[in-house]
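The values are calculated or read from the model by the stated rules, or taken from the named source; none is laboratory data. In this text, all values refer to a predicted model and were calculated from it rather than measured experimentally. Note that each Cβ is placed from the backbone with ideal geometry, even for glycine, and that neighbours are counted across all protein chains shown.
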Amino acid sequence: MESLLRAAEQVFAAVGYDRATTNVIAARASVSPGTLYQFYPNKEALAEALALRYAQDLERLHGTVFDDIGPTVPLAELIDATIDPFLDFHRRAPAFEALFLASAVSPALAGRIDVLHDTVASRVEAIFQRRGRHASRLQLRRTAETAVGIVRGLLPPITPLKGLNRTRAIRELKTVLVRYLEPILTIREKQPSGRKNAGRREARSVTARHRQKQQDRSAEDGGGTH
């Protein structure tokens, strides 16, 4: 039965749910259609069993990934800690998008995934609130929604990639997130006022010396003409 689910997963990921057939899935599993029907009466049953596994794995992931991130973790590490588990999940669940975007699963399973999708922005916002205390709650909420949108938008093209192409794509995704989040979640250290004033005095002093040198040169040039 496990081999049938693996075969169905491969076929759904390769051609989509609508174009997949039980004959193709049976051939991929190296069994006859009759053998497949002993376990699953149709492709809908295969999709439901596979989607149930995905939903359970994703629920466990949501239950752990957001809990162990402290407010002092560097931003790049925070992004690694939240993004990498989901990247790994989608790598191990290649048919996830094909099943859930095509509404190929029962309303009950689709509802479980919808709940996770609806709450992930709130979970991310809670992490941001512990870091971006100088930002308003509304700004943090919009920032969390935008960050989640960026990840969701780039997950589908990243998922099928392998090797160096996958590594590069993930690096680009994380670079986008760092550059977007850093101005909001990173509190820049303020320069001490004494140092700032000293710098201003030094700048004025350099300017004054420069002007004095120009005046001296002008005077020398003028004296040489007489």
Being more than 30 Å from Gly132 (Cα to Cα), at pLDDT 90 or above, over 18 Å from the mean Cα position of the chain (by Cα) and not polar (S, T, N, Q) narrows Ala13, Ala104, Ala93 down to just Ala13
Would you mind stating whether Arg152 is in contact (Cβ under 8 Å) with a residue 60 or more places away in the chain and either under 26 Å from Glu182 (Cα atoms) or assigned to a loop (DSSP other than H, G, I, E, B) (or both)?
-> no
Residue among Ile113, Ile127, Ile83 that alone is part of a helix (DSSP H, G or I) and in contact with a helix residue (DSSP H, G or I) (Cβ under 6 Å, 6 or more places away or on another chain) | Ile113
Just name the residue that is surrounded by the fewest Cβ atoms within 10 Å (Cβ to Cβ) out of those in the range 6-31 that are part of a loop (DSSP other than H, G, I, E, B), small (Gly, Ala, Ser) and free of Cβ contacts under 8 Å to residues at least 40 places away in the same chain.
-> Ser30
Being loosely packed, with under 15 Cβ neighbours inside 10 Å and either in contact with a Cys (Cβ under 7 Å, 6 or more places away or on another chain) or farther than 24 Å from Lys162 by Cα (or both) narrows Asp118, Asp84 down to just Asp118
Members of the range 102-115 that are touching a residue at least 60 places away in the same chain (Cβ under 8 Å) and either among the polar types (S, T, N, Q) or surrounded by fewer than 17 Cβ atoms within 10 Å (Cβ to Cβ) (or both) | Ala102
Please specify each residue of the range 56-70 satisfying the condition of being buried (at least 16 other Cβ atoms within 10 Å of the Cβ) and assigned to a helix (DSSP H, G or I).
-> Leu58, His62, Val65
With the condition kept exactly as written, say whether any residue in the range 33-55 is at pLDDT below 95, of a type in the set (Phe, Trp, Tyr), surrounded by 15 or more Cβ atoms within 10 Å (Cβ to Cβ) and more than 24 Å from the chain's Cα centre (by Cα).
-> no
Evaluate the following for Ala76: is it surrounded by 12 or more Cβ atoms within 10 Å (Cβ to Cβ) and more than 30 Å from Arg171 (Cβ to Cβ)?
-> no
Matching residues in the range 23-38 - criterion: being closer than 21 Å to Pro94 by Cβ, in contact with a helix residue (DSSP H, G or I) (Cβ under 6 Å, 6 or more places away or on another chain) and not β-branched (Val, Ile, Thr) | Asn23, Ala26, Arg28, Ala29, Leu36
Give the residues of the range 124-150 that are at pLDDT 90 or above, of a type outside the set (A, V, I, L, M, F, W, C) and touching a Ser or Thr at 6+ places or on another chain (Cβ under 9 Å), sorted by residue number.
-> Glu125, Arg141
